[in-house]
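These notes concern the structure reproduced below.
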Amino acid sequence: MRKRVSLTVVCVLLLALLIGCTDSKNNTAQNQTGNTADGVSVTPEEQPTPAENATPTETPTGDVTPTVNAEPTGEITPTAEVTPTGEITPTAEVTPSAETTPTPTEEPKDLLHVCGGEVVLGDYGKLTMPKESEVTDEDVQKEYEQTIANVLKSYPNYKKDESRDGTEIKTGDTVNIDFAGTLDGEAFEGGTAEDEFLTIGSGEFIADFENGLIGKTVGTTVAINATFPEDYGNEDLNGKTAVFTITINYVAVAKETADDEYIKTVSGGAYESIDAYLKELKQMMIEEAKAQYDSDVYKSMLEQMAANSEFKKIEEEDIAYYEKDMLDYYTSYATYYGKSLEELVTSPGSQFTSYDDFLTKLHEEAIKYVKQYMILQEVAKVHGITVTDEEYKKRVEDYMQSSGYTDQALFESEYPVDYLKYNMENDMALELLVEKAKANEAASGE
């Protein structure tokens with residue numbers, strides 16, 4: 001059978017600007033290559049299973065930039081896709097090992113680490129707010145064109161070729177068909193489909209099915225005997241001959257552009273036109289830009305303070321803690337994908353020139369983390385920032401909501417209260433720095 005996108009999935013795909021989320025329709029006539037139990041997929045689309053006992057550990061607690069929703073700065077919702085926020089990305093693309101299934105890590109690490117050392121804070125009066133970018137109509141149009149081009153590659157905008165009515169099908173034609181298959185006179189699972197597109201000679205369906213349509217007339221209904229390969233992948237169908245009744249609706253041609261009808265179809269009716277989608281896309285891009293700006297503001301505050309503060313003493317044990325924290329994460333990440341750490345960080349697409357280069361940058365990031373935490377701890381100390389019961393209640397609810405938790409007791413059993421309060425104090429210190437920068441901006445009249 002052919003794997004086809006569901007309308008709901010494409011709607012999400014368009015909104016998220018992601019390509020490749022597909023849904024299956026059980027058309028058992030499809031080629032055996034990459035088949036599942038039903039023999040359904042010409043090209044395997046399922047993601048390989050990661051290596052056994054290899055779920056990545058917590059994201060390194062060096063992330064000191066809160067999200068828009070004020071998540072704890074230790075990133076408490078790691079997934080297989082999460083990458084440490086220290087801007088060290090091990091590789092552009094890693095495929096999980098197909099050998100085994102992951103299980104959670106057995107022993108959670110101690111999340112809380114308070115840095116020592118001594119820092120003299122820089123002048124708050126030098127803090128400035130980064131410039132906020134505007135989402136223009138040109139930006140939206142560019143994003144739309146890139147997105148729709150990718151969508152069209154995966155899901156062509158087929159239209160009926162009126163000139164082909166009554167003509168014979170040839171290799172290379174894309175036909176729209178309805179079909180129903182039977183074995184010994186009985187219908188079988190996955191043997192029936194409607195409004196299906198098939199390019200003759202593509203190998204998407206079993207050979208007898210595709211070859212049987214060559215020379216048949218568009219607009220007619222034909223019966224074809226098609227034998228499944230012995231290694232088709234379905235014991236009920238391996239080597240069996242089925243009779244397919246096929247209605248050849250029309251020959252289709254793929255348009256190079258989208259139109260209102262196409263947008264309405266692939267969005268499942270969510271958008272009536274291109275203009276309606278563009279309006280939604282612009283709003284989404286504005287919200288994403290706002291979220292990115294908020295993140296950029298926090299990052300800018302830390303960078304400015306680190307540049308203007310004097311670090312009289314930095315404890316080696318603090319550097320070692322965050323270095324090990326990140327190293328453990330990447331080791332776990334590599335194991336998850338069935339690789340050694342050295343293999344992971346030197347994989348094609350990695351930003352590292354060698355394993356030693358990775359370790360050097362890891363050390364540099366650890367120093368940066370320690371400096372940022374020292375700054376936030378000192379700001380909290382100087383300004384007497386503490387987390388009251390009321391403040392804790394409000395922020396822990398935000399944390400839980402951002403992390404997908406509803407049970408506070410469970411949440412606190414996984415993320416201890418002292419760790420959460422430490423993150424909250426850091427967040428409050430960072431928010432204070434932002435207010436200082438805003439006050440500077442207001443005072444300067446910008």
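Here, each number is a calculation from the coordinates, and none is a lab measurement. Remember, predicted model here, so these are calculated numbers, not experimental data. Here the Cβ is made from the backbone with ideal geometry for all residues, glycine too, and neighbour counts use every protein chain on show.
For Gly125, work out the one condition from (1) touching a Lys or Arg at 6+ places or on another chain (Cβ under 9 Å); (2) outside any loop (DSSP other than H, G, I, E, B); (3) crowded, with 16+ Cβ neighbours inside 10 Å it doesn't fulfil.
With respect to (1) touching a Lys or Arg at 6+ places or on another chain (Cβ under 9 Å); (2) outside any loop (DSSP other than H, G, I, E, B); (3) crowded, with 16+ Cβ neighbours inside 10 Å, Gly125 is out only on (3).
State yes or no: is Thr360 outside any helix (DSSP H, G or I) and surrounded by fewer than 19 Cβ atoms within 10 Å (Cβ to Cβ)?
Numbers: outside any helix (DSSP H, G or I): no; surrounded by fewer than 19 Cβ atoms within 10 Å (Cβ to Cβ): yes.
Criteria not met by Thr360.
How about region 248-262: which of its residues are in a loop (DSSP other than H, G, I, E, B) and among the aliphatic types (A, V, I, L, M)?
Passing the criteria: only Ala258.
Quick check on region 377-391: of everything there that is loosely packed, with under 15 Cβ neighbours inside 10 Å and within 19 Å of Leu112 (Cβ to Cβ), which residue is farthest from the chain's Cα centre (by Cα)?
Of the residues in region 377-391, the ones loosely packed, with under 15 Cβ neighbours inside 10 Å are 381-384, 386, 388-390.
Now restrict to residues that are within 19 Å of Leu112 (Cβ to Cβ): 381, 386.
Values: Lys381: 39, Thr386: 36 Å.
Filtering first and then ranking leaves Lys381.
Across region 321-357, which residue is surrounded by the fewest Cβ atoms within 10 Å (Cβ to Cβ) among those that are of a type in the set (Val, Ile, Thr) and assigned to a loop (DSSP other than H, G, I, E, B)? Give the steps one after another, and end with the answer.
Of all residues in region 321-357, those of a type in the set (Val, Ile, Thr) come to 331, 335, 345-346, 353.
From what's left, assigned to a loop (DSSP other than H, G, I, E, B): 346, 353.
On the way: Thr346: 18, Thr353: 10.
Result: Thr353.
Scan region 405-428 and give yes if some residue there is assigned to a loop (DSSP other than H, G, I, E, B) and crowded, with 20+ Cβ neighbours inside 10 Å, otherwise no.
We begin by selecting, within region 405-428, every residue assigned to a loop (DSSP other than H, G, I, E, B); these are 405-407, 415-416.
If we keep only those that are crowded, with 20+ Cβ neighbours inside 10 Å as well, we get 415.
Among the residues of region 405-428, at least one is assigned to a loop (DSSP other than H, G, I, E, B) and crowded, with 20+ Cβ neighbours inside 10 Å, which makes the answer yes.
I need a count of the residues in region 176-196 that are without any contact (Cβ under 8 Å) to a residue 60 or more places away in the chain and either touching a Cys at 6+ places or on another chain (Cβ under 8 Å) or closer than 17 Å to Asp161 by Cα (or both).
The number of residues fulfilling the criteria is 1.
Counting only residues that are part of a loop (DSSP other than H, G, I, E, B) and either touching a residue at least 24 places away in the same chain (Cβ under 8 Å) or of a type outside the set (D, E, K, R) (or both), which one in region 235-247 is surrounded by the fewest Cβ atoms within 10 Å (Cβ to Cβ)? Walk me through how you get there before you give the answer.
Kept after step one, since they are part of a loop (DSSP other than H, G, I, E, B), are these residues of region 235-247: 235-240.
Filter again for either touching a residue at least 24 places away in the same chain (Cβ under 8 Å) or of a type outside the set (D, E, K, R) (or both), leaving 236-240.
Numbers: Asp236: 14, Leu237: 26, Asn238: 14, Gly239: 11, Lys240: 16.
Ranking the candidates gives Gly239 first.
Quick one: Thr221 ticks every box in (1) over 30 Å from Glu145 (Cβ atoms); (2) in contact (Cβ under 8 Å) with a residue 60 or more places away in the chain except a single one, so which number is it?
Unmet for Thr221, out of (1) over 30 Å from Glu145 (Cβ atoms); (2) in contact (Cβ under 8 Å) with a residue 60 or more places away in the chain: (2).
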